Amino acid sequence: MKFKRVTDLLRTEAADQTVEVRGWVRTRRGNKQIAFIAVNDGSVIHSIQVVAEMAKFPEELIKRVTTGACIRATGKLVASQGSGQAVEIQAETIEILGDADESYPLQKKGHTLEFLREIAHLRPRTNTFGAVFRLRHHMAFAIHQYFNDRGFYYLHSPIITGSDAEGAGEMFQVTTLDLQHLPKLPDGSINFKEDFFGKSTNLTVSGQLEGELAATALGNIYTFGPTFRAENSNTPRHLAEFWMIEPEMAFYDIRDNQDLAEDFLKYLVRYALEHGRDDIEFLAKTYDDQLIPRLQMVVDHPFERLTYTTAIEILKNSGKKFEFPVNWGTDLQKEHENFLVDHFKRPVILTDYPKDIKAFYMKVNEDGKTVRAMDILFPWIGEIIGGSQREERLEVLQNRMREMHVPESELWWYLDTRKFGTCVHAGFGLGFERLMLFVTGMTNIRDVIPFPRTPKNAEF
Ligand code: 4AD
Ligand code: MG
């Protein structure tokens, strides 16, 4: 007999047919006559109830049906007597596939998210992380669906790179050199010619520059892969290893870029509400009753679009005392971003930032002071997307690189796109875990990725 997943069993009409379930025991309760066993197999937030008449089974066997044990049960699928589920299984056979002794750390009582982080290897077995990781899957799938439906090609940008795409220098080095005995040049510096790639290499912080190479050939592309940043920021919104989605579009200007980003985010949130409804409802009920209204708000309202300069005026005129002073030319802090989102009561797209606080590749505006940057700010999250129209003019780009001390010799291949058939183009990067924070309502980014990497933390 083929076993069925719990999600299918729960949707099966009770017609007295014999079924088999395999999964992990969440709870067992009951009395001398009868045991109620909740079995979950991860296919859905809900467990299926297996009802065992004690007289039918050896007592020793039922004792081994403990929280965390893996079991196989067969029996008739019948309409449930109890409330809370439509169907249940009247057990005919029960087999223990794997015992779990009393040291199993996930007992019935609720555990804190902090504690669960310490047992990240087992936390997928909780309702919360089952819900989060199923939603993570739905979102990853929806991203590919969205782009595929619109004729974008999925580009695999490299993970090991010789360049620093953001020019921010917060990179993890990749080397096979013996750190105890580094080969040196006469001037004392390290001789990277002896390293694996014959040059100094790092883990990528972004696939954008390679994405631009492909966009100026294939038209519209997107990347979706892991990125790495060695910034020492221990915040609930930063990871050292996170996933990023970076679409790049030939012939898109900054307006087209905003339209796509807004449509994309709305699609993803709508998709989550449709395909992950049970899990979202569980998370809303357990952690945050504002979760669904907040998701709905993103779907229902057009995003507010304004320039950085206007945003600075609004912040200055607000009369609010911010911890960090508001000045044209400095980067916005979390408190400023939150104020703007609260002010408009919807997501905000900020554009045209001062060029000095943005990356070298952004297109310079006619004013010579601002660039065609675009950040999308979400409630509580702050920046969820960062992007821009790209500087497609070779000389302007070279000037910007000189100004910002980005060595041309390392990026000669990038500059070639501007030498050979350059064109207007634009793109953006969506932080996948920031999206997951928003969709799940979790408040710490460590709780939306299976195995978080943060400063001083790479267990599991
Ligand atoms: O704004 P960022 O640095 O932009 C880029 O990397 C561009 N190359 C994107 C592009 O135009 N193709 O990062 C993009 C997004 C941020 O808006 C944020 O959502 C996320 O990536 N992000 C992080 N997420 C988790 N942990 C971190 N340390 C992150 N740093 C950025
Ligand atoms: Mg950014």
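The table that follows gives values for the structure above.
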| quantity | calculated |
| --- | --- |
| Subset of the range 190-220 [within 13 Å of ligand 1 (Cβ to nearest atom) and either at pLDDT below 95 or in contact with a Pro (Cβ under 7 Å, 6 or more places away or on another chain) (or both)] | Thr204, Glu210 |
| Single condition Asn399 does not satisfy, out of (1) within 30 Å of Gln290 (Cβ to Cβ); (2) without any contact (Cβ under 8 Å) to a residue 40 or more places away in the chain | (1) |
| Matching residues in the range 88-133 - criterion: being within 23 Å of Lys63 (Cα to Cα), more than 21 Å from the chain's Cα centre (by Cα) and part of a loop (DSSP other than H, G, I, E, B) | Asp99, Ala100, Asp101, Glu102, Ser103, Tyr104, Pro105, Leu106, Gln107, Lys108, Lys109, Gly110 |
| Pairs with Cβ under 7 Å, 6+ apart, first in the range 154-165 and under 21 Å from Asp195 (Cα atoms), second surrounded by fewer than 17 Cβ atoms within 10 Å (Cβ to Cβ) and of a type outside the set (Gly, Ala, Ser) | Ile159/Pro226; Gly162/Lys199; Gly162/Glu410; Ser163/Glu410 |
| Scope the range 31-45; condition in a strand (DSSP E or B) and either in contact with a helix residue (DSSP H, G or I) (Cβ under 7 Å, 6 or more places away or on another chain) or aliphatic (A, V, I, L, M) (or both); matching residues | Ile34, Ala35, Ile37, Ala38, Val39, Asn40 |
| Residue among His336, His405 that is assigned to a helix (DSSP H, G or I) and either more than 15 Å from ligand 2 (Cβ to nearest atom) or within 26 Å of the chain's Cα centre (by Cα) (or both) | His336 |
| Cross-chain or 6+ apart pairs with Cβ under 8 Å, the range 79-107 first and without any contact (Cβ under 8 Å) to a residue 40 or more places away in the chain, then hydroxyl-bearing (Ser, Thr, Tyr) and not in a loop (DSSP other than H, G, I, E, B) | Thr93/Thr74 |
| Test for Thr440: is it more than 19 Å from Arg229 (Cβ to Cβ), crowded, with 23+ Cβ neighbours inside 10 Å and touching a residue at least 60 places away in the same chain (Cβ under 8 Å) | yes |
| Residue within the range 269-291 that is at pLDDT below 95, surrounded by fewer than 18 Cβ atoms within 10 Å (Cβ to Cβ) and in a loop (DSSP other than H, G, I, E, B) present | no |
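Here is a yes/no grid of residues against (1) in contact with a helix residue (DSSP H, G or I) (Cβ under 7 Å, 6 or more places away or on another chain); (2) outside any strand (DSSP E or B); (3) away from ligand 2 (no atom under 13 Å from the Cβ):
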residue	(1), (2), (3)
Leu350	yes, no, no
Tyr353	yes, no, no
Asp356	no, yes, yes
Arg372	yes, no, yes
Gly386	no, no, no
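The values are calculated or read from the model by the stated rules, or taken from the named source; none is laboratory data. This structure is a prediction, so every number in the text was calculated from the model and none was measured. Positions of Cβ are generated from backbone atoms using ideal geometry, with glycine treated the same way; all protein chains shown enter the neighbour counts.
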